[in-house]
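A quick write-up on the structure given underneath.
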Amino acid sequence: MENEGENAMKDDVFYSMIFSICLLMALAYIIGKWDFMKKILRQRGWGKMDPEQRRTETFGRQVQLGLIMGMFCVVSNTIGFLVDGSIPNSRVIGAMSAGLLGGPVSGFLAAGIGAVHRYLGEPDRISTTACCLATLLQGGLGSLIWYGHKKRIDYSSGLLFLSTMLAECLHMGLIYLLSFPRTEALDILHIIAVPMVLINPVGMVLFFAVIRDAIRQADREEAAGVSRSLRLTERCTPYLQVGGDAEVNAAEILKIIVEEEECEGAALIRDDHFLARTEAFQEVVLTQDHLPAILTRCRTQGDVAADTLCGLSDPFAALSEQYVILAAPVPAFTPRMDYLVVLVRKNIYSSEADQSYVSGLARFFTIQLTLGQLEEQKHLLRKAELQTLQSQINPHFLFNALNTISFFCREKPERARELLMDLSTYFRNTLQDVDSMVTLGEELVHVQAYLSLEQARFEDRLQVSVEAEENQLGVLVPNLILQPLVENAIRHGAMKQPVGRVMIRIHGESGSTVIEVCDNGGGVPEEVVRALARGGGSVGGRIGLLNVQKRLLQIWGEDAGLTVTREAGWTHVSTRIAQMEGVSRAQAV
């Protein structure tokens, strides 16, 4: 009868242990779904913290983890099955896993909570001292493994099983050594040793399987958020370019956000007014003195902020009754401040995934807008450079041209009339939009008007020949690209000789158009050639030549850069450009 009773008690212990582990698994599953627990386990979001803040944050999360796992120990003590002077349970899972997950702060805190609760619950039992000491050592063992594993929590199932078995063997040894009388200690061990040494290691493996699943689920949610962001931003990109109606573009972006996502509304707020909004925001009124608190908070944080319940005086108060409000700053390359605001239903809100998604989307908008604004600044700078080139050409050339025409007015009035027509053609082309594309034929007409005036000025001292293949004259080039090359050849080359000669050649070669301007002058100075190789600058008054080089490189790349050679007393400045099929004549360059 005694053996039957002992066997029945062993069975009860087995069942109690299994029930305890099943309950702990259920609790672990529930807690693992909390966003709060996911943040503790993953320990993300430290990138913007300074070292001191990071240490404080780390300590805080370790304390939180220790408290949670300490509650596991308390639950395990409570549901344990009383066997004479001992309570067989799964307290080791709470104490040791706290150390395995969070290190010594978490491990000893959880173990301390479990030990204190064990002592207060049954202070007079013969195994109380041994169980309390074993719990503390188990928390320390988990912390030691955490350190030895370089603070990573990707433990193998084998390591978890064997380390937990070792911890329980230590527990059984302490009961034998510290419990008196020894005969009663042996009776207790005879009943609880096998179930605790075998079942708790299995429970530890299962517990970490639940933890891993929680972490993987959080990663999957974040990956899904990234995927959603990429898909959505792909659709939004055409409306993020600089130019066009900002309000129309913003409205299209919000429409796409609501279509793609499980959100009930979206808005773009600029400073103190709506740039665009969906229907959910129609009743919201913003003023400079009455802005939602969430906008100030997300601007201060520099990242996404969330509100689940706003104050009664807040403009978003009515919305927060039904939705979680997410706001993220979209700082532009200007003094203004934009905000992206998204509404998510409370019953489907996931803070980690949704905040990551909104934050990523806002950062994408910021990058795209900044790039667009930088491109606009480059465009304006390039236009200013070209206008500077025009201003340098016009006064200098106009003075010389008018002097030449005045000379012909009395002796050759018909020739003077022709030169005035050429001057008109020249300035009409020069004053065109410097940022437009023209055909080579149109650019050549401009150059020929310029040459007519220069030949009238220098007469027999300047000889010019033009060789242009007819089928190349329809190729599009930036306005004012050929005339600076010709002017450079005349002013800095040909006219330094008693008789200056200039040749202009335009021909096709291997699918490209080759433009070559040659003169019989003394060549291009070495410092100018080096400046051309660098792609810009201003050396020795050659601003026109260097400006052409920059524009060619920006449009066609290094293959189209100017090449300077010297052969048989002639200086050759040439470029090879790809024929731009389908490019609009008004395309900005």
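Along region 205-214 the Karplus relation, 6.51 cos²θ - 1.76 cosθ + 1.60 evaluated at θ = phi - 60°, assigns HN-Hα couplings of 4, 5, 4, 5, 5, 5, 4, 4, 5, 5 Hz to successive residues, with x for each Gly and Pro. Taken per residue, the accessible surface of region 266-309 reaches 55 Å², heavy atoms only and a 1.4 Å probe.
Just the number, please: percent antiparallel of the DSSP beta bridges in region 431-532, rounded to the nearest 5. Around 60 percent antiparallel, to the nearest 5. Of the solvent-accessible surface of region 264-330, computed with a 1.4 Å probe over protein heavy atoms with every protein chain present, carbon and sulfur atoms account for 47 percent.
For region 182-233 and region 432-492, what is the separation of their C-alpha centers, rounded to whole Å? Here the two parts' Cα centres lie 80 Å apart.
Surface composition of region 102-174: carbon plus sulfur atoms contribute 70% of the solvent-accessible area (1.4 Å probe, protein chains only, all chains present). Computed in the context of the full set of protein chains, the accessible area of region 438-538 at 1.4 Å probe radius has 44% of its extent on carbon or sulfur. Whole-Hz Karplus values for region 249-254 come out as 4, 4, 5, 5, 4, 5 Hz, taken residue by residue from phi with 6.51 cos²θ - 1.76 cosθ + 1.60 and θ = phi - 60°; glycine and proline positions read x. Close amide H pairs (under 5 Å, H built 1.01 Å from N) link residue 468 with 506, residues at least 5 positions away or on another chain. Under 5 Å between amide hydrogens, built in the peptide plane, is the criterion, and for residue 337 it picks out 271 among residues at least 5 positions away or on other chains.
When you count the other C-beta atoms within 10 angstrom of each residue and take the mean per peptide, 560-570, 453-463 line up highest first as 453-463, 560-570. Per residue, the solvent-accessible area of region 129-198 (1.4 Å probe, heavy atoms of protein chains only, all protein chains present) comes to 49 Å². Summarising the amide proton neighbourhood of residue 275: residues at separation of 5 or more, or on other chains, whose placed amide H is nearer than 5 Å comprise 268, 269, 270.
When the Cα convex hull of region 268-314 is projected onto planes of every orientation, the mean area is 3.7 nm².
The values are calculated or read from the model by the stated rules, or taken from the named source; none is laboratory data. Source: prediction; values computed, not measured. Cβ: placed from backbone, ideal geometry, glycine included. Neighbour counts: every protein chain shown. Note: accessible area is taken over every heavy atom of the protein model, side chains too, but ligands, DNA and RNA are not part of it. Shrake-Rupley method; radii C 1.70, N 1.55, O 1.52, S 1.80 Å.
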